[in-house]
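The values are calculated or read from the model by the stated rules, or taken from the named source; none is laboratory data. For clarity, every value in this text was computed on a predicted model and none was experimentally measured. Note that each Cβ is placed from the backbone with ideal geometry, even for glycine, and that neighbours are counted across all protein chains shown. Accessible surface areas use protein heavy atoms only, side chains included; no ligands, DNA or RNA. Shrake-Rupley method; radii C 1.70, N 1.55, O 1.52, S 1.80 Å.
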Amino acid sequence: MAVSFPIPSYFTAIFIISRLMSIMGISKHLNNKLLPPLDNITDKLSLDPSAIESASQDFGHIVKSIPKAVLQPSSIADIASLINFSYNSSIPFTIAAKGHGHSVRGQAMANDGVIVDMTSMKKHRNGTGIWVSNDGVYADVGGEQLWIDVLNATLKHGAAPVSWTDYLYLTVGGTLSNGGISGQSFRYGPQISNVYEMDVITGKAEIVTCSPNKNSELFYAALGGLGQFGIITRARIPLEPAPKRVKWIRMLYNDFTAFTRDQELLISINGRHDSHALGYLEGSLLMDHGSPDNWRSSFFPPKHHPKITSSIINHRIIYCLEVVKHYDYQTQNTVDKELEQLLKGLSYMPGFMFEKDVLYAEFLNRVQRGELKARSQGLWDVPHPWLNLFIPKSQIQRFNDGVFKGIVLEGNITTGPVLVYPMNRKKWDDRMSAVIPDEEIFYTVGFLHSSGFDDREAFDDQNKEILKFCEEAGIGVKQYLPHFTSKDEWVHHFGSKWETFQQRKFQFDPKMILSPGQRIFNNN
């Protein structure tokens, strides 16, 4: 519960903030003009042990970082007041916004600082957290809103965003601070390429509306900016008419060259309004120390499991190409023919194509079934030592030989999905903070591990071995959802973008208040 005292609210505010300052060791020599508005957040700053404990952990269950307090805001002004207080302190304290807590390395934590529980905002929006324009062209969405709720709200208007993440129970502000990628990215770009404007609270407590044409420096900084420049409180997301259903197909390959060649061929048809293009494309691995009957591959009909298992045993790795073609009532009579033409001549193994026909929303929310299964087995709230990489197209064959067939297969410890699929660089905007390889086509590779609490180090060691191999082989890998512990590593990661990134930090968060858990400017 929040801390409160039986004295007038103005003095309550001063008392609790003074207590917070005392805990943090902050000087009390403040500008007096800051004191009156502090009563707005008195009953929203919590020192309750259960709130502190919840804010000290994330989905990764790897890092534990304990804040001094948790702000449970009911308005954007509450967040601005907290940042304003820190900014005008002689010794500012750090602040991190936390949405659904799906980080895996403590990126949304603030050790000895204050966590802003963004989900608290949902309780006070009174149904205004997601607002769809009358013409269905865009939706104004609170940064604390989950993408699953955005989907459900926009579908009521016959519309939907076009770029998604595989898992929809993530906040809008969280994915826009990173990138937001999935099988739609080859055609529509990541989620950060699908934003009209945003409201952002900077590290100077300024509430700024920004877009490509208004306050554009902050707009491009915040998109993929890892929370370093401001807290995203609203985003205007473009919408398009939503399809009704999808043809969902998986094809299996035993040859990596054929697998990547077919992927690259299919993503070459990528016009945003090209009705012939696929709506989604991803790839994944099935390995002989896994099972085709897991949540990622339960797609396959049970009667075909024996032949899939036999093929995996024979080849040790099977590559799965997964594609989706959208359709509605106007195109239901032509979708099969269009899909047949798209897939004609592909080099998957004969007899290893499998198809489903499902509702559009069911497909987008496909991972929830895996979540529910993992929760039922006690495999959800466990360590997730994930590693997500971007690999240049020119190096993907070497990566397959050295990592998939070498480190991962021989290590025989990988649990959880291993994803590998290509994207088109032209669908990304280089003015944004996100970092990707220089080549026009690059692959995303995701090792989405789950481990026990006792064997997590084995996965961490494998991740380090993979990164070491990439460095020694000169692969030019970039991390998605990056995790580094030194400034030199961050400088190397950002490369030519580092100077701009650093200048933007000085401009929008000069006192290094925001998102210390990323350890970019707060390396201790």
statement: Computed over the range 356-471, the distribution of all Cα-Cα distances in 10 Å bins, rounded to whole %, is 12, 35, 32, 20, 1
query: Assigning unit charges at the beta carbon (Lys, Arg +1; Asp, Glu -1) and nothing else, what dipole magnitude in debye, to the nearest 20, does the chain show about its Cα centre?
result: 580
statement: Between the alpha carbon centres of the range 423-501 and the range 334-402 the gap in Å comes to 21
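At 1.4 Å probe size, with the rest of the protein present, what percent of the exposed accessible area of the chain is carbon and sulfur atoms? Write down the numbers at each step before the final one.
Working: 10830 of 21560 Å².
Whole-percent figure for carbon plus sulfur exposure: 50.
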Net +/- balance of residues flanking Asn270 in space, Cβ distance below 9 Å, scoring K and R +1, D and E -1: +3
message: Please report the net charge: other residues with Cβ closer than 15 Å to the Cβ of Pro385, K and R +1, D and E -1.
response: -4
message: Charges on Cβ only, +1 for Lys and Arg, -1 for Asp and Glu, centred on the Cα centroid of the chain; of Val132, Asn254, Thr175, which one is farthest towards the dipole's positive end?
response: Val132
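Summing Lys, Arg as +1 and Asp, Glu as -1, what charge do residues with Cβ under 13 Å from the Cβ of Gly142 carry, Gly142 excluded?
That sum, taken over residues with Cβ under 13 Å, equals +1.
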- request: Go through 226-236, 482-492, 136-146 and give me the packing order, highest mean Cβ count within 10 Å leading.
  value: 226-236, 136-146, 482-492
- prompt: Rg(Cα) of the range 175-299 divided by 2.2 N^0.38 Å?
  reply: 1.37
message: Students often forget the sequence filter, so: which lysines lie under 18 Å Cα-Cα from Lys303 once same-chain residues fewer than 8 apart are removed?
response: Lys356
- prompt: Roughly what percent of Cα-Cα pairs across the chain reach past 40 Å?
  reply: 24
message: Let me understand the range 332-413 better: what is its radius of gyration from the alpha carbons, and its Dmax, in angstrom?
response: 18.5, 48
message: Please report, in whole Å³, the volume per residue of the convex hull around the C-alpha atoms of the range 155-216.
response: 123
query: With every protein chain present, what is the per residue accessible area of the chain (1.4 Å probe, Å²)?
result: 41
query: Among the helices of the chain (complete DSSP H runs), which have Cα atoms covering no less than 18 Å along the helix axis and a Kyte-Doolittle mean of at least 1.0?
result: 9-24
message: Apply the a/c threshold of 1.5 to the C-alpha gyration tensor of the range 26-175 and tell me whether it is rounded, prolate or oblate.
response: oblate
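Over 22 Å between Cα atoms: which of Lys44/Lys98; Lys464/Lys505; Lys393/Lys478; Lys393/Lys427; Lys393/Lys426 fall into that group?
Details: Lys44/Lys98 15 Å; Lys464/Lys505 29 Å; Lys393/Lys478 13 Å; Lys393/Lys427 16 Å; Lys393/Lys426 14 Å.
Flagged as over cut-off: Lys464/Lys505.
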